[in-house]
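Heads up: the structure comes next, in structure tokens.
Just so it is clear, none of the values below were taken in a lab; they were calculated from the coordinates. On a predicted model such as this, the values are computed, not experimentally measured, just so you know. Here Cβ is always computed from backbone atoms with ideal geometry, including for glycine, and neighbour counts include all displayed protein chains.
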Amino acid sequence: MGLYGWLYEQSFKETPVALQVHSGTGEIVAVPYDGGSGALSVLEEILSYRQLASEPYSPVGWSKCSGCGFFEYCWPRADKSQDVAMVSGVDQGLALALREQGVVTVDDFLSQYDESQLSEFRRPWGKQSRRVGKQVVSILRMARALASGEETIMESPNIPDNYNYVMFDLEGLPPHLDETEKIYLWGMQVFGKKPSEYIASQAGRRGFESHRPLFPLQSQQRGPHLSNLGLIAIFLGKDAGIPGCP
Ligand code: SF4
């Protein structure tokens, strides 16, 4: 909007009386006009990027990149170059701070930092900086797993001994992306003595039908199924929305 206001001013030689936008809620929202300075500084930044001899660096990050149209370009390159930003727990600020210290790859990271050094390392945090602190254990574990390409067992899962186990196919959005914080149950499958096929929830004309196929299993395979369902219910702690259900 700032750019439109500036273009208006350049074309008609007068400042716009007001900038307004029709929002998705149906309201008319006033947008303060800054003479176009904000929009022009963004354009200058874009121009400076376009004039660079080599590509600018920006660390990849799952929540930042997963919905971006350049994902297929940036992510495989970061993976191939073993960019330190690929390490789970290394956020944007930490990746940039490490890069300033010459740490570009996962191997650089592991060879230059041990636990105590990384714990004291300060990365940008808003307008201040903050120590990596206790996160160091998890970050180094992830980095070692990424470098070796091998799975690391952090702790054996404490699963009750039962004949049948149910795997739930759940999907949700990170809370910061989805204000409703719904978790969707797409389907389930029983493994063990009485295995089942994968049972997908289906969106029917009446939404409630969508999870009807799941209920017979609860009654046929009592005990383990119900106990696992109970565990999942406790684990979710939120409404487990099913596609098509209100
Ligand atoms: S995929 Fe590339 S361009 Fe898109 S947000 Fe990630 S780093 Fe930036």
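Tell me, what is the percent relative contact order of the range 2-50, built from C-alpha pairs under 8 Å that lie six or more residues apart?
Values: 44 pairs, mean separation 17.8, N = 49.
Once normalised by length, the contact order is 36 percent.
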For this session: Just rank Ile139, Ile183, fewest to most, by other beta-carbon atoms within 10 angstrom.
Result: Ile183, Ile139
Exercise. Assuming R0 = 35 Å, what is the FRET efficiency of Glu44 and Tyr184, from their Cβ-Cβ distance, to the nearest 0.05?
Worked result: 0.20
Exercise. Taking the Cβ of Asp107 as the center, what net charge do the other residues with Cβ under 12 Å away carry, scoring Lys and Arg +1 and Asp and Glu -1?
Worked result: -1
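Where does the charge balance sit around Gly36 when Lys and Arg score +1, Asp and Glu -1, over other residues with C-beta under 15 Å from its C-beta? Don't skip to the end; give the middle numbers.
Details: positive: Lys13; negative: Glu9, Glu14, Asp34, Glu44, Glu45.
So the surrounding residues net to -4.
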Exercise. Pulled fully out, how much extra length does the chain show between Thr15 and Ser37, if you take 0.36 nm times their separation in residues and subtract their Cα-Cα distance?
Worked result: 6.6 nm
Seminar exercise, completed: Per the 1/(1 + (r/R0)^6) rule, R0 = 45 Å and r from the Cβ atoms of Lys193 and Thr152, FRET efficiency to 0.05 is 0.90
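So if I place +1 on the C-beta of Lys and Arg and -1 on the C-beta of Asp and Glu, and nothing else carries charge, what would the dipole magnitude of the range 2-50 be about its Cα centre? I want it in debye, nearest 20. Please report the intermediate quantities before stating the final value.
Details: 2 positive and 6 negative charges, 23 e Å.
That gives a dipole near 120 debye.
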For this session: Report the label-to-label distance for Ser58 and Phe70 in nanometres (one decimal), using points 7 Å from each Cα along the Cα→Cβ vector.
Result: 0.5 nm
Problem set entry | In order through the range 150-162: 3J(HN,Hα) via Karplus (6.51 cos²θ - 1.76 cosθ + 1.60), integer Hz, x for Gly, Pro | 10, 6, 10, 7, 7, 6, 5, x, 8, 9, x, 6, 9
